[in-house]
Amino acid sequence: MAIGKILIVDDDKNICELLRLYMEKEEYEVVLSHNGEDAVNKFSQVNPDLVLLDIMLPGQDGWQVCREIRKKSDAPIIMITAKGETFDKVLGLELGADDYVVKPFDAKEVVARVKAVLRRMGKSTHEDVKEVCYDKLVVNMTKYELKVDGKVVDTPPKELELLFHLASNPNKVFTRDQLLDEVWGFEYYGDSRTIDVHVKRLREKLEGVSDKWFLKTVWGVGYKFEVNE
């Protein structure tokens, strides 16, 4: 049984077939399209959970297709293009795209990005839960609020999203690259050191609050939210 439906739009049929192979291996149902007008029509017909959308298409280009889809749906869109300029990324964000992949790409990376975007869009168990609670700690993503020992602590959105993601997956180790992909996604253009900076700031807010959980560094790997059993 398919776990979701993906519309792949690219005029390069070899790329479509490659992505289809990898997506079907992950148990997604796949629908293919090779031009902009057909993509808009198929979107209306199949109502996919996510769209992988090439920018350089015959007829309507990817930007136009993105605009048309956004008029009728908030389904996540990952833009695929041979271009990598910041201007294109910003334009994609303004038009409502959720992520961005530059050709040539590794198909496994595209699969990982699809999963990450669907998680962020509420298509997974963890994203259905908008609040996590531990001893003297409440992270509420509906209110974008952090409570430490019963008091609201002013916290920037990305710090809160990072803490929520880690705390929603207790004792699971994440690499910096995983956290960039799953928390920052399309919005981030820098390097992985930003994770270290955000963790340091979170630790300053959480230091000494409880001995039942810790924001822990796993040396040589990344970070985890460790909970004492």
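The values are calculated or read from the model by the stated rules, or taken from the named source; none is laboratory data. Just so it is clear, the model here is predicted, and its values are computed rather than measured. Heads up, the Cβs are rebuilt from the backbone with ideal geometry, glycines too, and the neighbour counts pull from every protein chain shown. The protein model used for the area step is the full one, side chains on, heavy atoms only, and it has no ligands, DNA or RNA in it. Shrake-Rupley method; radii C 1.70, N 1.55, O 1.52, S 1.80 Å.
Just a few scattered comments:
- Considering residues of segment 190-209 that are touching a Lys or Arg at 6+ places or on another chain (Cβ under 7 Å) and in contact (Cβ under 8 Å) with a residue 24 or more places away in the chain only, the residue nearest to Asp135 (Cα to Cα): Val209
- Pro170 meets the conditions (1) touching an Asp or Glu at 6+ places or on another chain (Cβ under 8 Å); (2) assigned to a helix (DSSP H, G or I); (3) open to solvent by 10 Å² or more (accessible area, probe 1.4 Å) in every case but one. The failed one is (2).
- Criterion: among the small types (Gly, Ala, Ser) and closer than 20 Å to Lys115 by Cα - qualifying residue of Gly59, Gly4: Gly4
- Across segment 68-102, the qualifying residues are those that are outside any helix (DSSP H, G or I) and exposed (fewer than 15 other Cβ atoms within 10 Å of the Cβ), and the one among them that is modelled with the lowest pLDDT is Glu85.
- Out of Ser33, Ser44, one residue alone is within 19 Å of Ser73 (Cβ to Cβ), more than 23 Å from the chain's Cα centre (by Cα) and crowded, with 20+ Cβ neighbours inside 10 Å. It is Ser33.
- Test result for Gly190, at pLDDT below 90 and in a loop (DSSP other than H, G, I, E, B): yes
- Under the condition of being open to solvent by 20 Å² or more (accessible area, probe 1.4 Å) and either within 21 Å of Glu145 (Cα to Cα) or part of a strand (DSSP E or B) (or both), the residues counted in segment 195-209 number 10.
- Scope segment 135-146; condition open to solvent by 60 Å² or more (accessible area, probe 1.4 Å) and closer than 14 Å to Trp213 by Cβ; matching residues: Lys136
- Counted residues, segment 210-219 - those being open to solvent by less than 30 Å² (accessible area, probe 1.4 Å) and more than 14 Å from Ala167 (Cβ to Cβ): 1
- Residues considered: Arg119, Arg113. Of these, the only one that is modelled with pLDDT under 85 and part of a helix (DSSP H, G or I) is Arg119.
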